[in-house]
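The values are calculated or read from the model by the stated rules, or taken from the named source; none is laboratory data. Values in this document were obtained by computation on a predicted structure and should not be read as measured data. Glycine gets a Cβ as well: all are built from the backbone with ideal geometry, and neighbour counts include every protein chain shown.
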């Protein structure tokens, strides 16, 4: 059996019968940096499990502007919701930010496995609930926080991510897509943070040097 499945958070506690069923039906695929995995609106064909690399899930507006919904790393999975829906249309786009290895499981196979393994079905429900909570948080941040506050939240969240140093350095365009603004606003905000001693920038690297002050900024106190 392919033990790569155990690297996936959704499958970490799955019993051997579930893993065996998935292993019999799933297959590995490798993607290059920048290569798309799926497109919004296309027929959903599979759910994807990342064993290494980094994937950006995003949506685009009519004018071409993109907004990042999630940045996923090894152990994460995506496209689960449309794989369980009747119409089965991809809800967002996904592209690889670095060279990425993914395990793929077809929608029909996923549904068969869920029907045969009630414990795994419960785990799927828990996963969907967690994702709903994440989307609720994201919606709240976009609706209730200023760009300055969202930038502070983003920087603190990334500072806590122990994998970020081994990942992809965020450009100001990347940050703008994730925070929900434009590059110029991000640039001005970062300069202001640096002038206030909250961060230190060095050749594209950003270090959080005053977390307490950044927390106050994220709370709208400064």
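Considering only residues that are in contact with a strand residue (DSSP E or B) (Cβ under 7 Å, 6 or more places away or on another chain) and on the phi > 0 side of the Ramachandran plot, which ones fall in the stretch 171-222? Matches in the stretch 171-222: 180 only. Please tell me if residue 101 is surrounded by fewer than 15 Cβ atoms within 10 Å (Cβ to Cβ) and outside the structural domain of residue 181 (by TED's automatic domain parsing). No.
Only one of the listed residues (169, 183, 137) is at pLDDT below 85, within 23 Å of residue 60 (Cα to Cα) and surrounded by fewer than 16 Cβ atoms within 10 Å (Cβ to Cβ). That residue is 169. For the stretch 113-134, give me each residue that is touching a residue at least 60 places away in the same chain (Cβ under 8 Å) and surrounded by fewer than 16 Cβ atoms within 10 Å (Cβ to Cβ). Within the stretch 113-134, 116, 119, 127, 134 meet the criteria. Tallying residues that are over 11 Å from residue 155 (Cβ atoms) and surrounded by 15 or more Cβ atoms within 10 Å (Cβ to Cβ) within the stretch 187-209 yields 0.
Please indicate, with yes or no, whether at least one residue in the stretch 61-77 is in contact with a strand residue (DSSP E or B) (Cβ under 9 Å, 6 or more places away or on another chain), more than 23 Å from residue 32 (Cα to Cα) and either in the same structural domain as residue 39 (by TED's automatic domain parsing) or not in a helix (DSSP H, G or I) (or both). First the steps, then the outcome.
The initial filter retains those residues of the stretch 61-77 that are in contact with a strand residue (DSSP E or B) (Cβ under 9 Å, 6 or more places away or on another chain), namely 61, 66-77.
Those left that are additionally more than 23 Å from residue 32 (Cα to Cα): 61.
Now restrict to residues that are either in the same structural domain as residue 39 (by TED's automatic domain parsing) or not in a helix (DSSP H, G or I) (or both): 61.
Among the residues of the stretch 61-77, at least one is in contact with a strand residue (DSSP E or B) (Cβ under 9 Å, 6 or more places away or on another chain), more than 23 Å from residue 32 (Cα to Cα) and either in the same structural domain as residue 39 (by TED's automatic domain parsing) or not in a helix (DSSP H, G or I) (or both), which makes the answer yes.
Sort out which residues of the stretch 13-57 are touching a residue at least 60 places away in the same chain (Cβ under 8 Å) and in a loop (DSSP other than H, G, I, E, B), and write them in order of number. Passing the criteria: 13, 14, 15, 26, 32, 33, 34, 35, 44, 45.
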